[in-house]
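Asker: Can you keep this structure in mind? I'll have questions shortly.
Here, each number is a calculation from the coordinates, and none is a lab measurement. This structure is a prediction, so every number in the text was calculated from the model and none was measured. Every residue, glycine among them, receives a Cβ derived from its backbone with ideal geometry; neighbour counts consider all protein chains shown.
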Amino acid sequence: MVISTQQVWEALAHVTDPEIPVLSIIDLGIVRNVTVNGKEAVVTITPTYTGCPAMDVIGATIKMELLALGFDTVTVNQVLSPAWTTDWMSEEGKAKLKAYGIAPPNHKQQVCSLELFTPHEAVQCPHCNAYHTHRISEFGSTACKALYQCDECKEVFDYFKCY
Amino acid sequence: MTHRIKHILHLADNALILGHRNSEWCGHGPVLEQDIALTNISLDLIGQARSFYQHAAILLGEDYNEDKLAYFRDPHEFLNCLMVEQPNEEDWGLTILRQFFVSNYQYHLYQQLQHHPDEQVAAISAKALKEVTYHLRWSSEWVIRLGDGTEESNGRMHNALQQLWPYTTEILTPADYETGFIDFSLLQEQWRQKTTAVLAEATLAIPANETQQTGGKSGNHTVHLNDILAVMQTLPRTHPDAIW
């Protein structure tokens, strides 16, 4: 049986981020390339943050998914360049994040600047859609998220930071 | 060992040792948000160290790997600057100032190294730069808040500055394995400019004392590195075949 590249991409859509299980690695935009050669598959991924502890688990899960698809050899390579950015997150992924209660990354960002004491990014509350929110902490439950609170509905929520 | 490999190990060791020092604050930070901020900075640094060790291990070949380079080298084989191994002394101000000095250095260094002829060094540097930009912004803001803060915080920052200043020359002076790849006069200029601006806003005066300590980049360390390695390396050296 011949396994197509398309089938590999479909299988990869079942591999989720262990820290944000609602997002697949396709939604996150971390799969950079897939090559299939008979019973051999090579998947190239890029880490979100260099120290992201989820990367090793993601690599192992990719191998299990593709071995189950019928491959004999699955290689997962990591590349760093070009560096991952939240711009690579799919629109579908952003919608899933919001439905899950995490505010998706804004399009334009200010985190990558050296400017000191800048106002916090305006982030929309994923629960009541108000923009009247404030940042509690630059880091939330993981390095990629900040902790915000909505001043309208008072709910505390994670914001997936621009990167 | 070639200059290229030594240079990569130097970059990795700087990131690992500072990451480890910062991680000692985990659960002990003055406020929860800043405890988490510093812990995340540690995670970035250890991630960067890991990337550099992996690359060095490939270049070294044989049976080298990232763990062997981090856990099975002795103090004299580490090539980090003396600055990063200095103890926290349970002083948040000292930790913040050390982070500022190193982030200021790494930020301008990686801007150059992202164009390094070794593609992997360039890729790691470009990736690290995104993270170090945040570290520099965060530490600059805190140096200013604490320096230009209360009498107590200003006094502590003043003491921290006296303590750390003697280690600043080493980070800006090229080792033999660094020459040719980095424009050190540019790096020194950029580092001094940023340092002067932030310290001025923090109402802290640059110490007049010109006595400087060097040696870390060539493997001559302070006793503090032994303490770190004793903690960090005990488990893998006691149980070398242990797997996670």
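Asker: Per-residue Cβ counts within 10 Å, from other chains only, averaged over B:30-36: what number is that?
Answerer: Across B:30-36, the average partner-chain Cβ count within 10 Å equals 3.
Asker: Would you kindly calculate the translational diffusion coefficient of chain A, applying Stokes-Einstein with the Kirkwood radius from alpha carbon pairs, for 10 °C and a viscosity of 1.306 mPa s, and quote it in µm² s⁻¹ without decimals?
Answerer: Taking Rh from Cα pairs, D becomes 93 µm²/s.
Asker: What does the charge count near A:Trp88 come to, summing +1 for each Lys or Arg and -1 for each Asp or Glu among other residues with Cβ under 13 Å from its Cβ?
Answerer: Net of charged neighbours comes to -2.
Asker: To continue, here is another question. Does the range A:86-160 come out rounded, prolate or oblate, given a ≥ b ≥ c as the square roots of the eigenvalues of its C-alpha gyration tensor, rounded meaning a/c under 1.5 and, failing that, prolate meaning a/b above b/c?
Answerer: Here the range A:86-160 falls in the oblate category.
Asker: Under a plain spin-label model, where a point goes 7 Å from the Cα along Cα-to-Cβ, how far apart in nm are B:Thr169 and B:His28?
Answerer: 3.1 nm
Asker: Now a separate question. Taking square-rooted eigenvalues a ≥ b ≥ c of the alpha carbon gyration tensor, is the protein assembly as shown rounded, prolate or oblate, where a/c under 1.5 means rounded and, failing that, a/b exceeding b/c means prolate?
Answerer: Oblate, since a/c reaches 1.5 and b/c is not below a/b.
Asker: Related question: What percent does the relative contact order of the range A:86-160 come to when contacts are Cα pairs within less than 8 Å and at least six residues apart? If you can, show how the numbers build up before the last one.
Answerer: Details: 116 pairs, mean separation 19.1, N = 75.
Relative contact order of the range A:86-160: 26 percent.
Asker: Another question, if that's okay. Multiply the residue gap between A:Trp9 and A:Gln149 by 0.36 nm, knock off their C-alpha separation, and tell me the result in nm, one decimal place.
Answerer: Numbers: separation 140, 0.36 × 140 = 50.40 nm, distance 3.68 nm.
This chain segment gains 46.7 nm when fully extended.
Asker: Normalised by the number of residues in chain A, what is the relative contact order in percent for Cα pairs under 8 Å and 6+ residues apart?
Answerer: Relative contact order for chain A comes out at 18 percent.
Asker: Now for a separate question. With runs of 4+ DSSP H residues as the only contributors, calculate the mean residue ellipticity of the protein assembly as shown at 222 nm using -39,500 (n - 2.57) per run, divided by the residue total and rounded to the nearest 500.
Answerer: Dividing the helical sum by the residues of the protein assembly as shown leaves -16000 deg cm²/dmol.
Asker: Set the Förster radius R0 to 25 Å, insert the Cβ-Cβ distance between B:Asn220 and B:Ile58 as r into 1/(1 + (r/R0)^6), and round the FRET efficiency to 0.05.
Answerer: Computed FRET efficiency for B:Asn220 and B:Ile58 comes out at 0.35.
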